[in-house]
Amino acid sequence: MASTDLALRIRPSGSRDLAAVDALLARSYPALLKADYPPSIMVTAVPLVSRAQPALITSGTYYVAETEAGEIVGAGGWTPKPRRRGVADIRHVVTDHRRVRQGIGRRLITHVLGAAYETGIRSFDCWATRTAVPFYQSLGFVALGPIEVPLSGGIRFPAIQMQLTTQL
């Protein structure tokens, strides 16, 4: 819906957004990832990756996309890589599963990339879900190959390592 896209506001997240982002991740990741992951991953790993990270939410480099009514319909951000000047990780991106293909993710990531670029970041690493690979590819990210993200309790989450070097 073009009118919804135009009404979105992208803003830095803060501690007041923790519960809303947590709820967004908890309801959307399972719905979005179900087609691309086996039941064993859906039961063990997805609940672990579907939790908001308080330090990230308050980092100043994490953003929410909200409607005029104040509903958070997307979130995501970046963090600089330690000891790798000019490189950042794309972090914990989500779009409300009921609102995919409305331009929310694209607007959010465009904002994230622009904000990082202003600080000197020129290269981005991303551990994408299998589901998100086509989205990231549409933004110019290149798939480098499969990885397994270690989670607590020895659980591993299959993902795809992706990278973008930009001249925004």
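Computing the accessible area with a 1.4 Å probe over protein heavy atoms, can you report the carbon and sulfur percentage for the chain?
Details: 4850 of 8650 Å².
It is 56 percent, rounded to a whole number.
State to the nearest 20 debye the size of the charge dipole of the chain about its Cα centre, where the only charges are +1 on K and R beta carbons and -1 on D and E beta carbons. Mind dumping the intermediate values first?
Working: 19 positive and 12 negative charges, 54 e Å.
The calculated dipole for the chain is roughly 260 debye.
Which ³J(HN,Hα) values in Hz, rounded to whole numbers, follow from the phi angles of the stretch 90-106 under the Karplus curve 6.51 cos²θ - 1.76 cosθ + 1.60, where θ = phi - 60° and Gly and Pro get x?
Going residue by residue, I get 7, 10, 6, 8, 8, 10, 3, 4, 7, 10, 5, 6, 10, x, 5, x, 4 Hz, with x marking Gly and Pro.
Which one, ILE72, GLN137, GLY86, projects farthest toward the positive side of the charge dipole computed for the chain from Cβ point charges (K/R +1, D/E -1)?
GLY86
Please say if the stretch 85-168 is rounded, prolate or oblate, where rounded means a/c under 1.5 for a ≥ b ≥ c the square roots of the C-alpha gyration tensor eigenvalues, and otherwise the choice is prolate for a/b larger than b/c and oblate otherwise?
Values: a/c = 1.80, a/b = 1.21, b/c = 1.49.
Verdict is oblate for the stretch 85-168.
Under 1.5 on a/c is rounded, so check that first for the stretch 1-80, then, if it is not, pick prolate when a/b is larger than b/c and oblate when it is not; a ≥ b ≥ c are the square roots of the alpha carbon gyration tensor eigenvalues. Can you show the working numbers first?
Working: a/c = 2.31, a/b = 1.38, b/c = 1.67.
Judged from the Cα gyration tensor, the stretch 1-80 comes out oblate (a/c at least 1.5, b/c at or above a/b).
Please work out whether the stretch 76-128 counts as rounded, prolate or oblate from its C-alpha gyration tensor, where a ≥ b ≥ c are the square roots of the eigenvalues and a/c under 1.5 means rounded, while otherwise a/b larger than b/c means prolate and anything else oblate?
Numbers: a/c = 3.53, a/b = 2.02, b/c = 1.75.
Judged from the Cα gyration tensor, the stretch 76-128 comes out prolate (a/c at least 1.5, a/b above b/c).
Suppose all protein chains stay in the model; what accessible area per residue would a 1.4 Å probe give for the chain, in Å²?
Accessible surface, normalised per residue, equals 51 Å².
The values are calculated or read from the model by the stated rules, or taken from the named source; none is laboratory data. The structure displayed is predicted, hence computed values, not measured ones. Neighbour counts run over all protein chains shown; Cβ positions are idealised from the backbone, glycine included. Accessible surface areas use protein heavy atoms only, side chains included; no ligands, DNA or RNA. Shrake-Rupley method; radii C 1.70, N 1.55, O 1.52, S 1.80 Å.
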